[in-house]
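Notes to accompany the following structure.
The values are calculated or read from the model by the stated rules, or taken from the named source; none is laboratory data. Predicted model only: the values in this text are computed from it and were never measured. Every residue, glycine as well, gets a Cβ built from its backbone with ideal geometry; the counts of neighbours run over all protein chains shown.
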Amino acid sequence: MEGYRRCKNYGKEGHFGKDCPTLARAMTHPPFQTPHQHQRRDRGNRPQATGKVYAMTGAEATGLGNLVMGYCLIAGMRCCVLYDSGATHSFVLDACVKKLGLPVSELQCELVVSTPTLGLVRTSSLCARCPIEVEVRRYKVNIICMPLKELEVILGMYWLSTNRILIDCREKRLIFPDSEELELLSSQGVMKATR
């Protein structure tokens, strides 16, 4: 069927998932916007923002073997974390928030998150500047509270890009910006190195 294109992100026809204008808009918006930046309002005139997470349940994620998972420390407790470059934001399991006694605040908008297992999930709960330790490095992360299935924490694209963290897909590990292994060359540097 020549010319047939359907978005895998939202099921709309006319473009492929990689070219999705809806996803592109969601990825370019800052994760926490003020109410006047939103056009759409719902539920008591509360502004909305969008997000996306590709994660499934914890069991499915563990079984796939092609995802980058590990552990992080939150409030001194070890939590299972998925590093998900397909997730727009970072998320934490509601039950994990309660168990750890993390302070929760309300977003200025309602975040509508597209998930593969739960469909669209609406949330406005946030653990602001939550202290998280990943591989002996400490971060303050804004994590959205969500009813995830079995996964305790998802650290998404906003956290990865803000902290300039790379994912080594082959080795299934993170590369941090202060790593001595990491050396980026410009195109001119590559040309000089190959001469």
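In this structure, does residue 171 turn out to be surrounded by fewer than 14 Cβ atoms within 10 Å (Cβ to Cβ) and not hydroxyl-bearing (Ser, Thr, Tyr)?
Yes; evaluated as a whole, the condition is true for this residue.
Say whether the condition of being closer than 25 Å to residue 66 by Cβ, surrounded by fewer than 22 Cβ atoms within 10 Å (Cβ to Cβ) and within 15 Å of the chain's Cα centre (by Cα) is met by at least one residue in region 101-112.
no
Just name the residue that is surrounded by the fewest Cβ atoms within 10 Å (Cβ to Cβ) out of those in region 113-141 that are among the β-branched types (Val, Ile, Thr) and out of contact with any strand residue (DSSP E or B) (no Cβ under 9 Å at 6 or more places or on another chain).
Among residues in region 113-141 that are among the β-branched types (Val, Ile, Thr) and out of contact with any strand residue (DSSP E or B) (no Cβ under 9 Å at 6 or more places or on another chain), the one surrounded by the fewest Cβ atoms within 10 Å (Cβ to Cβ) is 136.
Please list, ordered by first then second residue, the pairs with beta carbon atoms under 7 Å, 6 or more apart or interchain, first in region 70-87 and more than 21 Å from residue 167 (Cβ to Cβ) and modelled with pLDDT under 95, second part of a loop (DSSP other than H, G, I, E, B) and hydrophobic (A, V, I, L, M, F, W, C).
75/102
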